[in-house]
Every structure is written in C-alpha cells, then in structure tokens.
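J.: Just dropping this structure here.
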Amino acid sequence: MGGYHSAKILLKSIDYHDIMINYGIHHDVVSTLLKNELSELIALEPDCIIICCNSLHKYYDMIKVELNTSIPVMHAVELVAKHLNSIDQRSELLLATKFTMEDGFFAETLQQHNISVTLPDQGERERMDQIHAELMQNTVTQKSRDYFASLIKKYQSSGVVIWGCTEYPLVVDSTNSVLPIVNPICLQVSAAVNYALSI
C-alpha cells in the first residue's frame, strides 16, 4: 500500500500448557477452551482470524458451528489443500507433532482433496516428538537439524514436505531440506493479507 501502513492486529495469546496437557486425551477440554477464547475475540469484531497453531484447527472444526460467526478463519489445513491443488501436487510428506500425525485430522482433510499423504513410521514419529519437546524448551541443535534432513531425504519421492507443526521451521529450512517446503503459517498470512486488501 506504500507510505507507512501497517495492519491493525488483535492478538490473543493462550496459555499453551492448558492445551498441551489435554491434546489427544480430553478433546472436550481443548475445544471448550478454544471456543471461549475465540468467542471473546469474535466479540471484538475483527475482519478475519488466524489460529497460529496447526493442531488447534482440529478443535476449531469441532466448534465452528457453535461459534455462529461470518468472520472468516484462515484455515491452515484447507489452505494447504488449496495450495497443493493449485500447483497440481498430489502427494506430500506430512511432518507434524505426534498427535497431529496420529490423530489424522490433517491427513484426512488433504485426502478428501485427492492428495496422497505420507507419514513417517512409528519410530520416526517418536524421535520427532522428542525433538518437538526440545523445541518447546527453546533447545535447537545441529543433531536435530541433521535428523530432519535425513528423514526428508528418505521420503523425497513424496514431492513436497508440509510443516504440520509451527515449531519445525526452527530446525528445517531450504538449506537442509531436499524437498520444497509448504508452510501453513505462510499460507495463512498470505490469505489474511489478500483478504484485508480486498475489503
């Protein structure tokens, strides 16, 4: 837009501890927490909403009807599906938290859009979970970077790699991935910017 323009942003930060300890165990607790937080945000009448956590999109899908709002949400998984279809990419490697990979909500949405999803095996998911725990404590090591580089190389026939975890860009980027990276955060931001400029 030129000049000195910047976006007006309402940021609502949630205590992640309350979410993390209930993932995959107490779905009702997480969905209720998200519903309450989003309801407060919706009351402030933003133009659109971004949920800055991939896993929380599972719970958004569970409560979106109850929210009863016309305010658009830049849905990470739907945006990934739309992007992959736009570039005619029908297969991908999904790297995410153990919960996201094993719960299936991310992969199932992509499969509904005729996109084939490859997941690492059980042992690899366990190792990724250990690295994720380190990242949550701000521990970023070369060993972790090397592990992801080798993992992606093993599955390079997948075509692209999807970041189903918002922490993984701390250890993987274009310098150590043999596959092109699709980052849902970037897709969400682009969608929000495009929407904001269109209204």
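J.: Please pick out the residue among Thr97, Thr139 that is touching a residue at least 60 places away in the same chain (Cβ under 8 Å) and either out of contact with any Leu (no Cβ under 8 Å at 6 or more places or on another chain) or under 19 Å from His57 (Cβ atoms) (or both).
T.: Being touching a residue at least 60 places away in the same chain (Cβ under 8 Å) and either out of contact with any Leu (no Cβ under 8 Å at 6 or more places or on another chain) or under 19 Å from His57 (Cβ atoms) (or both) holds for just one of Thr97, Thr139, which is Thr97.
J.: If you don't mind, another one. If I filter segment 18-41 down to residues being at pLDDT below 90 and part of a helix (DSSP H, G or I), which single residue comes out as surrounded by the most Cβ atoms within 10 Å (Cβ to Cβ)?
T.: Only one residue tops the list, namely Ile19.
J.: Do you know which residues across segment 62-109 are more than 23 Å from Arg127 (Cβ to Cβ), of a type in the set (A, V, I, L, M, F, W, C) and in contact with a helix residue (DSSP H, G or I) (Cβ under 9 Å, 6 or more places away or on another chain)?
T.: Met62, Ile63, Leu67, Ile71, Val73, Met74, Ala76, Val77, Leu79, Val80, Ala81, Leu84
J.: Here's something else I'd like to know. Read through the list (1) outside any helix (DSSP H, G or I); (2) more than 14 Å from Val189 (Cα to Cα); (3) β-branched (Val, Ile, Thr), then give the number of the only condition that Ile9 fails.
T.: Result: Ile9 fails condition (2) only.
J.: Given the conditions (1) at pLDDT below 95; (2) more than 16 Å from the chain's Cα centre (by Cα), report the number of the one that Thr166 does not fulfil.
T.: With respect to (1) at pLDDT below 95; (2) more than 16 Å from the chain's Cα centre (by Cα), Thr166 is out only on (2).
J.: If you take the residues of segment 7-44 that are of a type in the set (S, T, N, Q) and within 17 Å of the chain's Cα centre (by Cα), which of them is nearest to Tyr59 (Cα to Cα)? Break it down stepwise before answering.
T.: So in segment 7-44, the residues of a type in the set (S, T, N, Q) come out as 13, 22, 31-32, 36, 39.
Now narrow it down to the ones that are within 17 Å of the chain's Cα centre (by Cα): 13, 31.
Numbers: Ser13: 16, Ser31: 5 Å.
Restricting to residues being of a type in the set (S, T, N, Q) and within 17 Å of the chain's Cα centre (by Cα), the top hit is Ser31.
J.: Being touching a residue at least 24 places away in the same chain (Cβ under 8 Å) and part of a loop (DSSP other than H, G, I, E, B) is the filter here, so list the residues in segment 149-179 that pass it.
T.: Tyr155, Gly159, Val160, Cys165, Thr166, Glu167, Val171, Val172, Asn176, Ser177, Val178, Leu179
J.: With the requirement that a residue be touching a helix residue (DSSP H, G or I) at 6+ places or on another chain (Cβ under 6 Å) and in a helix (DSSP H, G or I), what does segment 125-148 give you? Walk me through how you get there before you give the answer.
T.: Taking segment 125-148 as the starting set, the residues that turn out to be touching a helix residue (DSSP H, G or I) at 6+ places or on another chain (Cβ under 6 Å) are 125, 129, 131, 135, 140, 144.
Residues satisfying the conditions are Arg125, Asp129, Ile131, Leu135, Ser144.
J.: Further, regarding this structure: Being surrounded by fewer than 17 Cβ atoms within 10 Å (Cβ to Cβ), in contact (Cβ under 8 Å) with a residue 12 or more places away in the chain and over 18 Å from the mean Cα position of the chain (by Cα) narrows it down to one residue among Asp121, Asp47; which is it?
T.: Answer to the selection: Asp47.
J.: Restricting attention to segment 116-164, report how many residues are in contact with a strand residue (DSSP E or B) (Cβ under 7 Å, 6 or more places away or on another chain) and among the aromatic types (Phe, Trp, Tyr).
T.: Looking only at that region, the number is 2.
J.: For Asp88, all conditions in the list (1) of a type in the set (Asp, Glu); (2) touching a residue at least 24 places away in the same chain (Cβ under 8 Å); (3) under 19 Å from Pro180 (Cβ atoms) hold save one; what is the number of the exception?
T.: For Asp88, the failing item is (2).
The values are calculated or read from the model by the stated rules, or taken from the named source; none is laboratory data. Just so it is clear, the model here is predicted, and its values are computed rather than measured. Please note: Cβ atoms are built from the backbone with ideal geometry, for glycine as well, and neighbour counts cover all protein chains shown.
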